[in-house]
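The values are calculated or read from the model by the stated rules, or taken from the named source; none is laboratory data. What you are looking at is a predicted structure, and each value in this text was computed from that prediction instead of being measured. Methodologically, a virtual Cβ is constructed for each residue, glycine included, from the backbone with ideal geometry; neighbour enumeration extends over all protein chains shown. In case anyone asks, the SASA skips ligands and DNA or RNA and just uses the protein heavy atoms, side chains included. Shrake-Rupley method; radii C 1.70, N 1.55, O 1.52, S 1.80 Å.
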Amino acid sequence: MRQVVLGQEAATREVLICLLARGHILLEGVPGTAKTLLVRALALALEAKFIRIQFTPDLMPADITGITGAHEFTFRPGPIFADLVLADEINRAPAKTQAALLEAMQERTVTVDGKSHPLPTTFTVFATQNPIEFEGTYPLPEAELDRFMVKALVGYPAAPVEQGILTRYVEGFEADRPETYGVTPVTNAAGLERLRKAVETVRVEPRITGYITAIVRATREAASLTLGASPRAGVALLKAARAAAFIEERDYVIPDDVKLLAPAVLRHRVSVAPELELEGVTADQALKAILDKTEAPTA
C-alpha cells in the first residue's frame, strides 16, 4: 500500500489497524489526496469482495441496503453486501441516507421490511468525506461518527512526495487503472479473519485498561471540550491498541500503543468549546493537552 499511496504513512497505518481490529474507518481530506486510492490499493491486496458507493444528495437508503421486489417478494441485496465497502464522499448525502449505514456498521446486519439479513463477517466500511466547510456537504450525526473506530486525516503531501507522485505518472501509473498499481493479493477474507482472531489474543494488562479509562474520562471533564468521548470510544481505543501491538509483532499492549492512537480514535468523538474553536483550537490540540496531563503507566 505504501508503494501506491505516497506520503500518507499515518493514514495507511491507521487503516490497517482498523481493518485488523474489526473497525470502520472515516478518511477526511480535501479532494485529490488519495483517499479513494488508499482503499482501492487495500482491496487489491485482499481477495475480498469490494464495492464502491458514490454518495450523492439524491441517494436513497434503499439504494444502499437493497429492496424487496413488489411481485416476487424476494429480497434483492444492495451494494452494502460486500466485504469491503467504500462509502465515497459520505457527507454529500443527507442524514436519512447516512443513517442507512448505522445498523450495518454496528450489528453487521441489514433489516428490510422487518427481516434481518446478515452481512459478511469481514464487512468493513471505509468512508471518505470532504471537510465540512466544503459546499454541498452535510455533517455526520454524532451517533454515526461514534460508529467509526478512527478518523484518519489525509492531508497534502510534502513537496518531494508530490514530485514523486508526478514521476510515477510519467512512468505509467494511473489511479483509474488498478493494473498499474503493482499490487498483488497477500491474503483473502478467510486469511483476514484468522489475523483478526490473532489480534484478539494480544494481552492487555489492567494498567493499560486503566490508562485508556483515564484518557476517555478526562475528555468528559476537560473545560476545552463540550462533548467528551463515549464508553464505545474506550472499547475502540482498546481494540485499536491491540491491533497496533500485533502489527509491531508484540503479543502485549504498551502505553505508547494507546497514546499514539488516541487522537485518531477520539478526534471525531469530541467537540471543542465554541469560544476555543473560534480561536482556532482543534480537537487534536485539545486531546494533546489531555494526553500530556494523563499519567501513562510505567513498566
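Here are a few things to note about the model shown:
Results for (1) small (Gly, Ala, Ser); (2) over 21 Å from Asp83 (Cα atoms); (3) in a strand (DSSP E or B); (4) modelled with pLDDT of 90 or more, shown as yes or no for each residue.
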position: Ala127; (1), (2), (3), (4): yes, no, yes, yes
position: Pro139; (1), (2), (3), (4): no, yes, no, no
position: Val150; (1), (2), (3), (4): no, no, yes, yes
position: Gln163; (1), (2), (3), (4): no, yes, no, yes
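- Residue among Ala190, Ala127, Ala175 that alone is of a type in the set (Gly, Ala, Ser), open to solvent by less than 60 Å² (accessible area, probe 1.4 Å) and in contact with a strand residue (DSSP E or B) (Cβ under 7 Å, 6 or more places away or on another chain): Ala127
- Neighbours by Cβ (under 7 Å, 6+ apart or cross-chain): first from region 213-237, within 21 Å of Leu278 (Cα to Cα); second part of a helix (DSSP H, G or I) and of a type in the set (D, E, K, R): Gly228/Arg220
- All of Thr111, Thr36, Thr121, Thr56 fail the test of being within 29 Å of Gly234 (Cα to Cα), open to solvent by 20 Å² or more (accessible area, probe 1.4 Å), among the hydroxyl-bearing types (Ser, Thr, Tyr) and in a loop (DSSP other than H, G, I, E, B), apart from Thr121.
- Residue in region 265-272 that is over 21 Å from the mean Cα position of the chain (by Cα), of a type in the set (Lys, Arg) and closer than 25 Å to Ala21 by Cα present: no
- Cβ-Cβ under 9 Å pairs, at least 6 apart or on other chains, region 29-58 side in contact (Cβ under 8 Å) with a residue 24 or more places away in the chain and farther than 17 Å from Ile90 by Cα, far side open to solvent by 40 Å² or more (accessible area, probe 1.4 Å) and in a helix (DSSP H, G or I): Ala41/Pro178; Leu42/Leu16; Ala43/Pro178; Leu44/Pro178
- Number of positions in region 185-205 that are at pLDDT below 90 and assigned to a loop (DSSP other than H, G, I, E, B): 0
- Restricting region 265-299 to residues that are assigned to a helix (DSSP H, G or I) and within 22 Å of Arg13 (Cα to Cα), the residue that is most open to solvent (accessible area, probe 1.4 Å) is Lys288.
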